[in-house]
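Enquirer: Dropping a structure here in structure tokens format, bear with me for questions.
Laboratory data are not the source of any read-out in this text; all were calculated from the coordinates shown. Note that the structure is a prediction, hence the values are computed from the model and not measured. FYI the Cβ positions are ideal-geometry reconstructions off the backbone, even for glycines, and counts take in every protein chain you see.
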Amino acid sequence: MALESRAAAYEQIDELKEALSDCRTLMKLFPDRHNGYTRAAKILVRMKEYSRAVNIAKTGLSRIEEPKGRARLETVLESALAAQTNNEPHQEPSECYISKLPHELLALIFEELVETGQMSP
């Protein structure tokens, strides 16, 4: 397939947006073949767009029935999920400062919010 070959060539020379464009065209023209989904997910992982890579791989799995294509796409999905997990920023639980305020002050704040219509009782 010419589009698949061109997408691979673009990927080799780090023209990832162009490669992704060819992958989108492949997915539109051949929604039941794994090639576009597989390459697009790999490219998105390289671009550090892990959520999009996971979504494309899952979409491909929902449309592809051929066992070899599904197996390749499942492998790409696993690597995208691993990359997503390894690269998610770790967030510390935030502290709730409201609980440290005096009850009288909290009552005044909520009373003001209700009066100004910014909060309903």
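Enquirer: Using mean Cβ contacts within 10 Å as the protection proxy, how do 28-37, 10-19 order, highest first?
Expert: Peptide ranking by packing, descending: 28-37, 10-19.
Enquirer: Give me the extension gain from I109 to E78: residue separation times 0.36 nm, minus the current Cα-Cα distance, reported in nm with one decimal.
Expert: 6.3 nm
Enquirer: So how do 41-50, 98-107 stack up, highest first, on mean other-Cβ count within 10 Å?
Expert: Top to bottom by mean Cβ count within 10 Å: 41-50, 98-107.
Enquirer: What nm value, rounded to one decimal, do you get for the distance between C96 and K58 when each label is placed 7 Å out toward the C-beta?
Expert: Roughly 3.0 nm, to one decimal.
Enquirer: Here's another thing I want to ask about it. So how far, in whole Å, is the C-alpha centre of segment 47-114 from the one of segment 12-33?
Expert: For segment 47-114 versus segment 12-33, the Cα centre distance is 26 Å.
Enquirer: For segment 1-88, what ratio Rg/Rh do Cα atoms give with a Kirkwood hydrodynamic radius?
Expert: Answer for segment 1-88: 0.95.
Enquirer: If you don't mind, another one. For segment 17-98, compute the number of Lys pairs whose alpha carbons are separated by less than 16 Å, excluding pairs fewer than 8 positions apart on the same chain. Before the final figure, lay out the partial values.
Expert: Values: K17/K42; K17/K48; K28/K58; K42/K58; K58/K68.
Within segment 17-98, the lysine pair count is 5.
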